[in-house]
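Working notes, beginning with the structure itself.
The values are calculated or read from the model by the stated rules, or taken from the named source; none is laboratory data. Model, not experiment: these values are computed from the prediction. Virtual Cβ from ideal backbone geometry, glycine too; neighbours counted across all protein chains shown. All accessible areas refer to the heavy atoms of the entire protein, side chains included, with ligands and DNA or RNA removed. Shrake-Rupley method; radii C 1.70, N 1.55, O 1.52, S 1.80 Å.
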Amino acid sequence: MNASKIASYLDSDPLETVSLVESSDGGDTGLTDNQNRLLYLIDLHASKAQDREGSDRWVRKQALSVLIYEGIISEIFDYDYAPQSALIENRRVWVNVSQEGQSDIELLREEVLINALLVSSKSYKPVVLYQVSDKGQELLKSLARTEKEAVNAFAHKPDSRELLKTSWDGENYWLGSSSGYKRRSTTTDTEDVSYVSSAYIPQCLRYGGRPTMSNAHRAHESGETGLDNIRDNGLEEIVTLNSVSMIVAEYIPFGANQIVQLNNNVGSTERVQGGYISSVIDGDSGGTALELSPELTSVEVLDYTQTNHINFEAEIRFREDPGVVQVETFGISMNAEGTCFYGMQLEAVMNRIKDNISLDHLSRILVDIQQDSSSIIDSVVSQYQRELLDLVFIGDAPNRNKVNLIIANEITPHLTAGEYMDKGEYENEFKQVIGDTKAAFDISEQDSLIFGSQGLLVCGPSARNYEPLLCAYLQFTTLDLFLQNFFSRIWILNDDLKASYQVVEKIEYDPLALGRSRDRLCTLSKEIIILDQILGYLDEALEMMEIPPEPPEQAGRSLYQRLEISGMRDQLTRRVKDVKKNLTASQRNLDLLRERVEMESQNKTAQLSLEMEKNTKQLCALQASSGDAVRSLKILQTIFAGVIAFDFLDRITGEWTVLDAEWMSGFVNSVIKEHMLVWFAISIVAWSIAAYLVSRQTYIGNWKSRGMTTMSITVNRNIDTAKLKELILEKEKTTDERRYEGKKQVVKVTYEEPTPVEWGGTSPFVTLEYDDKNCILLEITMHYNRREAKKDLVLSADELKQKLMHEFENKGIFATGKEEDTSTLLAIEKRKSIDSGKEAEPMLGRNPRTMDARAVRFE
C-alpha cells in the first residue's frame, strides 16, 4: 500500500464530497482486503436513487477494469494483470485487465453484494454494469476506515476529495475530475518481455520443402541482457508450461487468384526468391528513390502450390524498448480457403530456457504475436484484401482479434480438468492467455484440453499428435470469429442507414443535406457491394474446408468429440445464409433510401422552379416600371431646371429688384425693354446653367452609386441565434423580413454598420438571411460603397469578408463543431474523425508496429 498517498489524502479537507462512516475501527466483513476495497470502489462510482424522481447510477465493467488497474499500479490492490483484447465503441484495443479482479467481482455477485445490469452498446455488444446491493451497503457499514482511505487515496484527485472518473477518447482512457484535472491512464500500454523464438508450422500444413530453422542456439540472448518493462513487480506464477508452441490464427477473405498473386509478388516461382515488399503505395514511381522505415522483416519461402497455399518463415526486426531483447521468427501458413496460421516455438523467455514458461509472460508474448502478425500479413496481402478488412473492422484492421492455440509438452502443476476449473487462481491464470474459460477436459491421463473464449490450451506429452485435428478446428473457429465481426458490421450498416434517413429529413431546410445524402448513398452502396463480395468468399471457404475423419485411437476420438468438429461446417453454413438475408434487407433499405433522396431532390427542384418563376415575374414587372420611371425622371429633371431658373429671375424682377436702381434702369430700358428677345435669351441661359448644375450633381451621385461593392457569402453553418440577435440589436436595423415555409422560418435582416470609421469612412449595409427555427445561417450579403470611403482607407472584398467573419467569430455566432451531428455520422466516418484528431506520437516500444511504412524482405 502506498502510505504517502494515504497520508496526503487524510490531510485533505474532510468536509468535501466523500462521506465516511462514523466508525473508524470497523469489523470483520468476511471478505479479503482486495474484495473489501473493490466493493467500496464500486460504491464510490455507483449509487441508488434517493427517490422516485432520481436515477440510479451504475459503473460499467470496462471502466471498473481501468480503475482496478490503476489501483494495482498504486499498490492498493494485490492483483496481477495481463493484456487482453477488448472492443470499446467499435474499436479493438489491448487493455491491461486483472483476471483476479474480475474473479472477485464474480464472487461479489454470487454473494449478492453487488447487482449486475446488462445492456447493449451501439456496436451491438453486451455491456455489463455494477451497483452495490442493499446487502453490500450493510456490509460497508462495518468496513474499516483505513480500507476506505486506501481506496480514496487513488480514486480521487491528488490532495482533494474530487472523484476521478474514466473517459474514452477513441484511443486512450483518461481519468478526470469535475474541476478539470485530467491524466492519461496507462491501461492501454502493453508491456514487453525478452524472449527467443523459432518458426513453427504444424507438419499437417506442410507440402514438402525444407524444415523450419531453429533459434535454439540463441536462447541465451534473452537471459543474458534481456529485460522486461512490466510495471507490476509482484507477478504471481501459479501455472507454468514446458516446451511451448503457439499458433495465432485468423480468417482473411482469400481465393485462388489471391494466392496466385501472392506467389507472384513474393517470387515463389522465380529462380532467386528474394527482395523486399511493403504495403506502402509509391506515389512517385518515376522518381529516383523511396524512403521507408528501417524496421524490416526477413521472409524465406518454404513451400507453395500455385493456387492453394504458401508457407514461409518471417523474422521480424522491429525496434524494442531499451534492454528488451526479442528474437521473433514466425512460421506462416496461408491457404486458399482464407485461414492464416502464425506459429512460434518458444526457445527461451527471460532467463528460462525452453521450460518453466510463466503464463504471465506468455500473455505479453501473445500480444506481440497478434500485433506483429497483422503487420506482416498486411504487407503481404493485396490492397483489395486490406480494404475488405478495413471495412469489416471499421478501419481498425491492425488490431483485429484472432484465435490463440497453445500447445505444451507439460504443464505444472499437472491436475485433472475439474481441478483446473476452480473459479480461482488456476482459472485466472488460464484466462490471461485464452480468455474466459469455458470448459476443461482430460483427453487422456496425461493430456488436458482447456477451452477459452479467445482460444484453447492443449498440454501433455501427446499434444502434438493432435495437430491435424487442432488445425481443422482453427479453420472453423477463425471463420466463426470473422463471421461474428461481419454480422456486427451489418448491424452497424443498418444504423448508418437509419442515421441517413435523419439526414434526408433535413433536406427541406438544410441546404447541405441533399449533398450529404448523395455522398452517403455512394458510401453505403460501396460498403454493401464489398460485404456481398465477402459473403461470396465465405461460401467458397465453407465449400473448401474439409471435416477430418475421426481418429482410431481413444485419445484422438475423445479430442474429436470435445472439439465437435463434425457439426461446425453445417452450423457456419446456416449462419452464412442467415447473414445473407440481413444483407439483402440492408440492400432493400438502401433502395428505399435512394428513392427517398430522389423524391426530396425532385421536390427541391420543383420548389426552386416555382421560386425562379416568381422572381422572373417580379423582375419583368420591375423592368417595365423602371423604364417608365426613367423617362418620367428625365422630363421632370428638365422641367425642374427651368423652374429653378425662372424662380431665380423672378427673385430679381420681383417687387424690389436691382432694376429699381438708377444705375441699372438705363441698361434695362435701353437693352431689355427695347429688344424683345434679350430677356428670353437671358432666361434660356439661366435655364441652361441651372440644368448643367443639376445634371452635374446627378452624375456625381450616380458615379458614387456605381462604386458599390456587393459581396454575397453562402454560409450554411449552424449558429447560435440568441447571440446573432444580440449582435443585430447593436446595429442600426433597417429592414426585417420573415418567411414561414413548413419546417423553415427564414429571417432576412438588413442593418447599417454604426461606425463608418472602422470601415474606411463609410458604413456598409449588411443583409443576413438565416433559418431561425433550425439555427442555420444561410447567406450574408454586404453592400459597400468604396467611392464614398476615403481613398487610402478603402477596404477590398477579401478584407470586408475577413473583417465581417472575424466579428462573427468573436461574438460566438457560429456554433463550433456542429456542422454535422455526430450521431448521424457513418461508422467509417466516426473512425476517420478519431484518426484525424490524433496527434503523432514518438515511435516507442510496440506503438509503431502498425505503421504503414513497413517493409518485408523475401529471400
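Sort ASP159, ASP442 by heavy-atom solvent-accessible area, probe 1.4 angstrom, most to least. Walk me through the numbers before you get to the answer.
Details: ASP159 110, ASP442 70 Å².
Final ranking, largest accessible area leading: ASP159, ASP442.
Determine the per residue accessible area of the chain with all protein chains present and a 1.4 angstrom probe, expressed in square angstrom. All intermediate terms of the calculation are to be shown ahead of the outcome.
Details: 42440 Å² over 859 residues.
In whole numbers, the chain has 49 Å² accessible per residue.
Between region 356-433 and region 101-175, how many Å separate their Cα centres?
Region 356-433 and region 101-175 have Cα centres spaced 28 Å from each other.
How much accessible surface area, in Å² rounded to 10, belongs to the heavy atoms of HIS675 with a 1.4 Å probe?
90
Using each residue's phi in region 138-147, evaluate 6.51 cos²θ - 1.76 cosθ + 1.60 at θ = phi - 60° and report the 3J(HN,Hα) Karplus result to the nearest Hz, with x for Gly and Pro.
5, 5, 5, 5, 9, 6, 5, 4, 4, 5
Over the chain, what percent of the accessible surface lies on carbon and sulfur atoms, probe 1.4 Å?
Numbers: 21840 of 42440 Å².
Ligands and nucleic acids excluded, carbon and sulfur reach 51 percent.
Give the aspartates and glutamates reachable from LYS803 as a straight Cα distance under 20 Å; neighbours fewer than 8 places away on the same chain don't count.
Hits, sequence-local ones excluded: ASP720, GLU726, GLU730, GLU732, GLU752, GLU753, GLU758, GLU769, GLU779, GLU788, ASP792.
Taking the full set of protein chains and a 1.4 angstrom probe, give the accessible area of TYR251 in square angstrom, rounded to the nearest 10.
10
Mind checking which lysines have their Cα closer than 24 Å to the Cα of LYS743? Skip sequence neighbours fewer than 8 apart in that chain.
LYS498, LYS506, LYS604, LYS614, LYS723, LYS725, LYS773, LYS818
Quick one: grab Rg to one decimal and Dmax as a whole number for the chain, Cα atoms only, in Å.
Using the Cα atoms of the chain, the pair Rg, Dmax is 40.5, 153 Å.
In whole Å, what are the extents of region 533-635 along the principal axes defined by its C-alpha atoms, from largest to smallest?
120, 19, 18
May I ask for the equivalent-ellipsoid semi-axes of region 693-789, computed as the square root of five times each C-alpha gyration tensor eigenvalue and listed largest first in whole Å? Mind showing how you got there, number by number?
Working: eigenvalues 195, 42, 26 Å².
Gyration-tensor ellipsoid for region 693-789: 31, 14, 11 Å.
Which FRET efficiency, nearest 0.05, do ALA621 and GLU752 yield, Cβ-Cβ r, R0 22 Å?
Details: r = 28 Å, r/R0 = 1.26.
E between ALA621 and GLU752, to the nearest 0.05, is 0.20.
Kindly express, to the nearest 10 degrees and within the range 0 to 90, the angle between helix 256-266's C-alpha long axis and the longest C-alpha principal axis of the chain.
With rounding to tens, the tilt is 90 degrees.
For n ≥ 4 DSSP H runs only, could you compute -39500 (n - 2.57) per run for the chain, divide by its residues and tell me the 222 nm figure to the nearest 500?
Values: 21 runs with 359 residues, N = 859.
Estimated from H runs of four or more residues: -14000 deg cm²/dmol.
For ILE547 and SER609 in one chain, what is 0.36 nm times their gap in residues minus the Cα-Cα distance, to one decimal in nm?
On the way: separation 62, 0.36 × 62 = 22.32 nm, distance 6.60 nm.
Between ILE547 and SER609, full extension yields 15.7 nm more.
Kindly express, to the nearest 10 degrees and within the range 0 to 90, the angle between helix 797-810's C-alpha long axis and the longest C-alpha principal axis of the chain.
With rounding to tens, the tilt is 60 degrees.
Run the 1.4 Å probe and let me know the accessible area of TRP168, rounded to the nearest 10 Å².
40
Considering only protein heavy atoms, with the full assembly of protein chains and a 1.4 angstrom probe, order CYS775, CYS459, CYS522 by accessible area, largest first.
On the way: CYS775 45, CYS459 0, CYS522 95 Å².
The ranking, largest first, comes out as CYS522, CYS775, CYS459.
Quick check: net charge around VAL112, other residues with Cβ under 10 Å of its Cβ, Lys/Arg +1 and Asp/Glu -1?
Values: positive: ARG109, LYS135; negative: GLU110, GLU111, ASP134.
Net charge in that neighbourhood comes out at -1.
Scan around HIS156 for amide H atoms under 5 Å from its own, H built in the peptide plane at 1.01 Å from N, and keep only partners 5 or more places away or cross-chain.
HN-HN under 5 Å from HIS156: LEU164.
Output wanted: per-residue J couplings in Hz (rounded whole) for region 715-722, from phi through Karplus 6.51 cos²θ - 1.76 cosθ + 1.60, θ = phi - 60°, x for Gly and Pro.
So the Karplus estimates, Gly and Pro as x, are 9, 6, 10, 5, 9, 9, 5, 4 Hz.
Counting just the Cα atoms, what span does region 224-270 cover along each of its three principal axes? Round to the nearest Å and put the largest first.
That gives 51, 26, 24 Å along the principal axes, largest extent first.
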